[in-house]
Amino acid sequence: MDMEIQGRAAHVAAIRERAEAEMKAMGIDEAFIDQLVETFYARVLQHPTLGPVFDSRLSGRWPEHMQKMKSFWSSVAFRSGAYGGKPVQAHTGVANMTAELFPQWLALFSETLGDIAPNAEAKAWFMATAERIARSLTLSLFYNPALDDPQRKPA
Ligand code: HEM
């Protein structure tokens, strides 16, 4: 291994170690991520507007989706590199997907964390991360320059 590659590997390992320590300090571990994904998507399915949008796309493929979401959150939390998907592409062409669903998704996620997160810090970390990703997905999926008027009041 040449020095540059060795240096990179050490850098990646250091990032992972720091992420693991930060998560541990907040009481976030793989078991919690598992519980969060199971609880959240069970509630998504019961939700009047989110449920049908998810289920019509994922009918027959739920176990695969759950696995993906666990590896996604694990990658984000522990910098593990376990998830290698393309979230923007995955959300393209989802029938009846609208920008208005995102605040509903975030509200349900917040409610779920309020019920099961080990503490307020863990809840805040998941919410800040989800809000950032939701904002980025919303822009990728729905950004319309014609509506991007700084004078326009938010609806
Ligand atoms: C209203 C909001 C949302 C809806 C309706 C939605 C819906 C979906 C659906 C139907 C899929 C499955 C796509 C497929 O396999 O065919 C999916 C995948 C996924 N979603 Fe969402 N989603 C929403 C918001 C979010 C947010 C806020 C996040 C991140 C915090 C997220 C992260 C993901 C990821 C990582 C995948 C897996 C992508 C892959 O296939 O690798 N989604 N979503």
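Summary table below
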{"read-out": "Matching residues in segment 87-110 - criterion: being without any contact (Cβ under 8 Å) to a residue 24 or more places away in the chain and over 13 Å from residue 141 (Cβ atoms)", "value": "103, 107, 110"}
{"read-out": "Any hit, segment 58-80, residues being within 7 Å of the ligand (Cβ to nearest atom) and in contact (Cβ under 8 Å) with a residue 40 or more places away in the chain", "value": "no"}
{"read-out": "Pairs where the first residue, in segment 1-22, is farther than 24 Å from residue 123 by Cβ and the second is open to solvent by less than 100 Å² (accessible area, probe 1.4 Å) and modelled with pLDDT of 85 or more, C-beta under 8 Å, 6+ apart", "value": "1/9"}
{"read-out": "The lone exception for residue 93 - which of (1) closer than 20 Å to residue 134 by Cβ; (2) among the small types (Gly, Ala, Ser); (3) open to solvent by less than 40 Å² (accessible area, probe 1.4 Å) it fails", "value": "(3)"}
{"read-out": "From 134, 146, 128, residue being modelled with pLDDT under 95 and either within 15 Å of the ligand (Cβ to nearest atom) or part of a helix (DSSP H, G or I) (or both)", "value": "146"}
{"read-out": "Flag if residue 105 is modelled with pLDDT of 95 or more, of a type in the set (Phe, Trp, Tyr) and farther than 27 Å from residue 59 by Cα", "value": "no"}
{"read-out": "Single residue of segment 96-118 satisfying the filter (open to solvent by 20 Å² or more (accessible area, probe 1.4 Å) and within 13 Å of the chain's Cα centre (by Cα)) that is farthest from the ligand (Cβ to nearest atom)", "value": "110"}
{"read-out": "Only one of 15, 5, 33 that is hydrophobic (A, V, I, L, M, F, W, C) and at pLDDT 95 or above", "value": "33"}
{"read-out": "Tally, over segment 63-84, of residues that are open to solvent by less than 40 Å² (accessible area, probe 1.4 Å) and within 23 Å of residue 17 (Cα to Cα)", "value": "10"}
{"read-out": "Residues within segment 121-144 that are over 18 Å from residue 30 (Cα atoms) and either surrounded by 13 or more Cβ atoms within 10 Å (Cβ to Cβ) or of a type outside the set (D, E, K, R) (or both), tallied", "value": "13"}
{"read-out": "Unmet requirement for residue 87, which otherwise passes all of (1) of a type outside the set (Asp, Glu); (2) within 12 Å of the chain's Cα centre (by Cα); (3) buried (at least 16 other Cβ atoms within 10 Å of the Cβ)", "value": "(3)"}
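The values are calculated or read from the model by the stated rules, or taken from the named source; none is laboratory data. Predicted model, so just to flag it, every value in this text is computed and none were measured. We place every Cβ from the backbone using ideal geometry, glycine too, and count neighbours over all the protein chains shown. All accessible areas refer to the heavy atoms of the entire protein, side chains included, with ligands and DNA or RNA removed. Shrake-Rupley method; radii C 1.70, N 1.55, O 1.52, S 1.80 Å.
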